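The values are calculated or read from the model by the stated rules, or taken from the named source; none is laboratory data. These figures come from a predicted structure and were not determined experimentally. Every residue, glycine among them, receives a Cβ derived from its backbone with ideal geometry; neighbour counts consider all protein chains shown.
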Amino acid sequence: MQDAPFDQARFRQALGRFATGVAVVTALAPDGGRLGITVSSFNSVSLLPPLILFSIARRANSFPAWQAARHYAVNVLSETQESLSDRFAKPGGDRWEGVETIDGRNGVPLLSGSLAVLECAAHARHPGGDHEIFVGEVEALAIGDTPAPRPLVFFSGRYRRLDTAGEAHLAPSDSLFPKSWA
């Protein structure tokens, strides 16, 4: 039996069935210009040391500048920041016009109103097919003081909202993750 050709559209559709949060990663280019890109490929890697990862397509116009960045920040977006996600997801134009920022500890622009911001030093990069995986060591963080934070969620090719009407279930207090996740 011969395998059917790999169907990239169905692969993308399958990946879209995994709900993700949305973040904008920001950095300074070697020439001092500001970089920003929307990602949903953001993960924690390690608690000790505190490491995170995100990936960027190699075809991105700003890819060489991202490779040279020594520091960056992951800005976790709230559901009220959908327009920021759209702005930083599209190539071209002045992404930064009218965007309120705060300078981070290494000069990296941080997006005001984010649910959380993780300021990182570049730790490692790894090939990942048509993307490159960036691993950052978290050096500082800030958690927004929104009374009832609601993240921007992406699922099946669209932004979604969390339904808070249901009862939330907490992980057991004796472990970081439920035992079935180990």
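Quick look at the numbers
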read-out: Single condition S114 does not satisfy, out of (1) over 27 Å from R59 (Cβ atoms); (2) under 16 Å from the mean Cα position of the chain (by Cα); (3) part of a loop (DSSP other than H, G, I, E, B); value: (1)
read-out: Lone qualifier among A9, A89, A29 - being at pLDDT below 95, among the aliphatic types (A, V, I, L, M) and within 13 Å of the chain's Cα centre (by Cα); value: A89
read-out: Of all residues in the stretch 11-63 being among the hydroxyl-bearing types (S, T, Y), in contact (Cβ under 8 Å) with a residue 24 or more places away in the chain and closer than 23 Å to E139 by Cβ, the one that is surrounded by the most Cβ atoms within 10 Å (Cβ to Cβ); value: T26
read-out: Residue list for the stretch 71-94, filter: under 15 Å from S40 (Cβ atoms) and aliphatic (A, V, I, L, M); value: V74, V76, L77, L84, A89
read-out: Residue list for the stretch 65-98, filter: out of contact with any Phe, Trp or Tyr (no Cβ under 9 Å at 6 or more places or on another chain) and among the β-branched types (V, I, T); value: T80
read-out: Single condition E139 does not satisfy, out of (1) modelled with pLDDT of 95 or more; (2) within 16 Å of the chain's Cα centre (by Cα); value: (2)
read-out: Output for the stretch 40-62, where each listed residue is in contact with a Ser or Thr (Cβ under 9 Å, 6 or more places away or on another chain) and aliphatic (A, V, I, L, M); value: L51, I52, L53, I56
read-out: Which listed residue is within 28 Å of L48 (Cα to Cα), modelled with pLDDT under 95 and of a type outside the set (A, V, I, L, M), from S62, S156, S112; value: S112
read-out: Residue ID - surrounded by the fewest Cβ atoms within 10 Å (Cβ to Cβ), chosen from residues in the stretch 69-84 that are among the hydroxyl-bearing types (S, T, Y) and closer than 21 Å to V153 by Cβ; value: S83
read-out: Failed item in (1) outside any strand (DSSP E or B); (2) buried (at least 16 other Cβ atoms within 10 Å of the Cβ); (3) without any contact (Cβ under 8 Å) to a residue 40 or more places away in the chain, with W66 passing the rest; value: (3)
